Amino acid sequence: MTQIPLPELALVALVGASSSGKSTFAAQHFGPSEVLSSDHFRALVSGSEHTLDANAAAFDSLFYVAAKRLERGLLTVIDATSVRPDDRRRLVDLARAHDVLPVAIVLDLPRGVLEARHEARGDRPFNAAVIGRQQTELRRTLRGMGKEGFRHVWTLRTSEDVEAAQVTRVP
Ligand code: CTP
Ligand code: MG
């Protein structure tokens, strides 16, 4: 079983392809205002979770709010795929700018699980091939995450691992 002892003040990146279960995990282990999700911010700035050309505005807004929370010393969880090093670098930079520990919880589930969930959802208007590309990018770069600046990287590789994971807060 994976124990995830989080510092009281951390920037927590949930990392994983679409349908890996980031938002589900966030809802199970964190309070609603602790979690900033890229989908939510896309909806706030554009009226829909799926407006892809709203990405820049959505992330600007998400980072603005994240910075305000970290200034107040509030643990903050970023629910976005963050499978690319460039996306994660921005998170590490934000944490460092506020003297906060950047940590990552990676959901790297088998491709078949992701595809089955994607097919069952219907609320993701893109092809499952997109998920395959996200997973490939994550697996190509996962080992480098420590060097990117994340102080801890917990990787969960099966639904059972995810189910059994225990998140605690350490002072
Ligand atoms: N799901 C599941 N079993 C889990 C976790 C999730 O069946 N243990 C299902 C959810 O009910 C949802 C789908 O898988 O229908 C995707 O889960 P979600 O948490 O929404 O995945 P995300 O990683 O947040 O996907 P996205 O990046 O597209 O927001
Ligand atoms: Mg989600």
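The values are calculated or read from the model by the stated rules, or taken from the named source; none is laboratory data. Being a predicted model, the structure only gives us computed values, none of them experimental. Every residue, glycine as well, gets a Cβ built from its backbone with ideal geometry; the counts of neighbours run over all protein chains shown. Areas reflect the complete protein model, heavy atoms only, side chains present, ligands, DNA and RNA absent. Shrake-Rupley method; radii C 1.70, N 1.55, O 1.52, S 1.80 Å.
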Just one of the numbered conditions (1) within 16 Å of ligand 1 (Cβ to nearest atom); (2) part of a helix (DSSP H, G or I); (3) surrounded by fewer than 18 Cβ atoms within 10 Å (Cβ to Cβ); (4) not polar (S, T, N, Q) is not true of Leu62; which one? (3)
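Answer with yes or no whether Ser48 is within 29 Å of Thr155 (Cβ to Cβ), hydroxyl-bearing (Ser, Thr, Tyr) and either touching a Lys or Arg at 6+ places or on another chain (Cβ under 8 Å) or not in a helix (DSSP H, G or I) (or both). Walk me through it before giving the result.
Numbers: within 29 Å of Thr155 (Cβ to Cβ): no; hydroxyl-bearing (Ser, Thr, Tyr): yes; either touching a Lys or Arg at 6+ places or on another chain (Cβ under 8 Å) or not in a helix (DSSP H, G or I) (or both): yes.
For Ser48, the condition - within 29 Å of Thr155 (Cβ to Cβ), hydroxyl-bearing (Ser, Thr, Tyr) and either touching a Lys or Arg at 6+ places or on another chain (Cβ under 8 Å) or not in a helix (DSSP H, G or I) (or both) - is not met.
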With respect to Gln3, is the statement that it is within 14 Å of ligand 2 (Cβ to nearest atom) and open to solvent by 10 Å² or more (accessible area, probe 1.4 Å) true? no
Residues (modelled with pLDDT of 95 or more, part of a loop (DSSP other than H, G, I, E, B) and either touching a Leu at 6+ places or on another chain (Cβ under 6 Å) or more than 10 Å from ligand 1 (Cβ to nearest atom) (or both)) located in the range 1-36: Leu9, Gly16, Ala17, Ser19, Ser20, Gly21, Phe30, Gly31
Would you mind telling me which numbered condition in (1) within 9 Å of ligand 2 (Cβ to nearest atom); (2) assigned to a loop (DSSP other than H, G, I, E, B); (3) open to solvent by 20 Å² or more (accessible area, probe 1.4 Å) Asp39 fails? (2)
For Gly73: the one exception among (1) under 20 Å from Thr155 (Cβ atoms); (2) in contact (Cβ under 8 Å) with a residue 60 or more places away in the chain; (3) not in a strand (DSSP E or B): (1)
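Identify all residues within the range 102-127 that are surrounded by 18 or more Cβ atoms within 10 Å (Cβ to Cβ) and more than 11 Å from ligand 1 (Cβ to nearest atom); write none if there are none.
Pass one, the range 102-127, residues surrounded by 18 or more Cβ atoms within 10 Å (Cβ to Cβ): 102-109, 114, 117-118.
Passing the criteria: Pro102, Val103, Ala104, Ile105, Val106, Asp108.
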Given the conditions (1) within 12 Å of ligand 1 (Cβ to nearest atom); (2) under 14 Å from the mean Cα position of the chain (by Cα), which single one is not true for Glu49? (2)
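Every residue, every condition in (1) basic (Lys, Arg); (2) over 16 Å from the mean Cα position of the chain (by Cα); (3) more than 15 Å from ligand 2 (Cβ to nearest atom), yes or no:
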{"position": "Ala54", "(1), (2), (3)": "no, yes, yes"}
{"position": "Val65", "(1), (2), (3)": "no, no, yes"}
{"position": "Glu71", "(1), (2), (3)": "no, yes, yes"}
{"position": "Val77", "(1), (2), (3)": "no, no, no"}
{"position": "Arg84", "(1), (2), (3)": "yes, no, yes"}
Please work out which one of (1) closer than 22 Å to Ala17 by Cβ; (2) open to solvent by 60 Å² or more (accessible area, probe 1.4 Å) is the condition Val92 fails and give its number. (2)
